[in-house]
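The block underneath contains the structure these notes are about, expressed in structure tokens.
The values are calculated or read from the model by the stated rules, or taken from the named source; none is laboratory data. Treat the numbers as computed from the prediction; the structure is a model and nothing was measured. Here the Cβ is made from the backbone with ideal geometry for all residues, glycine too, and neighbour counts use every protein chain on show. In case anyone asks, the SASA skips ligands and DNA or RNA and just uses the protein heavy atoms, side chains included. Shrake-Rupley method; radii C 1.70, N 1.55, O 1.52, S 1.80 Å.
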Amino acid sequence: AKNDAFFEQQYQRAVDSIAVNPTKWKLIKCFSKDKSTEGAHTDYIIVHVLSQRENHDECTTPQYAESPFYTDSVRVHVRGNLMPSTSYNVASASYGNVGYQFDTSWYGAYNAATMIPVAYSVSGLIDGFTTALLNMHVGDRWEICIPYQLAYSSTEKSSIPAYSTLIFDLTLHSFARAGQSFPSFQ
């Protein structure tokens with residue numbers, strides 16, 4: 001119930017924020033859900049755009065003008081947290097506070113110039129994370145809030161309890177189409 005209430009609060013906050021600044025906040029319906037109907041709030045991820053590469057549409061290099069496909073591999077900088085709790089409560093740029101950190105690809109302050117990205121297959125990720133990647137461009141940094149329905153649902157996953165709302169700080173560093181090699185990350 002706490003995860004449901006937290007996500008609903010963040011959803012309403014995003015709706016209000018979109019009305020004021022639609023370039024900084026987004027509600028994106030999960031790629032696997034029917035796009036012809038509105039659906040439940042939990043069919044969406046909440047995105048706060050922290051930064052984005054400028055002039056996506058004017059780029060001539062496909063890596064910068066396009067988004068990854070479901071069959072692609074990506075390199076990302078990522079930090080994952082649970083929603084805030086009594087024992088874990090850390091400041092977040094977008095969602096007030098966040099909770100226990102269950103995953104990170106960097107330590108200390110965020111500095112994309114010195115961080116080493118991690119690689120994933122887009123198709124091997126939870127639906128909410130995949131949805132974000134399918135809508136990002138290289139250089140975008142988003143903070144995303146994923147309802148448990150688009151995460152691990154009723155399944156416990158390592159240090160992530162069942163029914164957990166997840167919050168990720170995510171930067172798309174690069175991607176490679178199926179069968180292609182990654183560009184150098186240096």
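Of all residues in segment 103-136, which are open to solvent by 10 Å² or more (accessible area, probe 1.4 Å) and either small (G, A, S) or touching a Cys at 6+ places or on another chain (Cβ under 8 Å) (or both)?
Selection gives S105, G108, A109, A112, A113, A119, S121, S123, G124, D127.
Can we say Y100 is within 24 Å of L27 (Cβ to Cβ), among the aromatic types (F, W, Y) and surrounded by fewer than 19 Cβ atoms within 10 Å (Cβ to Cβ)?
no
I need a count of the residues in segment 1-34 that are touching a helix residue (DSSP H, G or I) at 6+ places or on another chain (Cβ under 9 Å), part of a loop (DSSP other than H, G, I, E, B) and touching a residue at least 12 places away in the same chain (Cβ under 8 Å).
Looking only at that region, the number is 4.
Which count do you get for residues in segment 35-77 that are at pLDDT 95 or above, in a loop (DSSP other than H, G, I, E, B) and over 22 Å from V138 (Cβ atoms)?
Adding up the residues that qualify gives 1.
Inside segment 13-36, can you point out the residues that are over 18 Å from the mean Cα position of the chain (by Cα) and open to solvent by less than 80 Å² (accessible area, probe 1.4 Å)?
N21
Residue under question is G128, and the condition is that it be assigned to a helix (DSSP H, G or I) and either in contact (Cβ under 8 Å) with a residue 12 or more places away in the chain or more than 16 Å from F6 (Cα to Cα) (or both); does it hold?
yes
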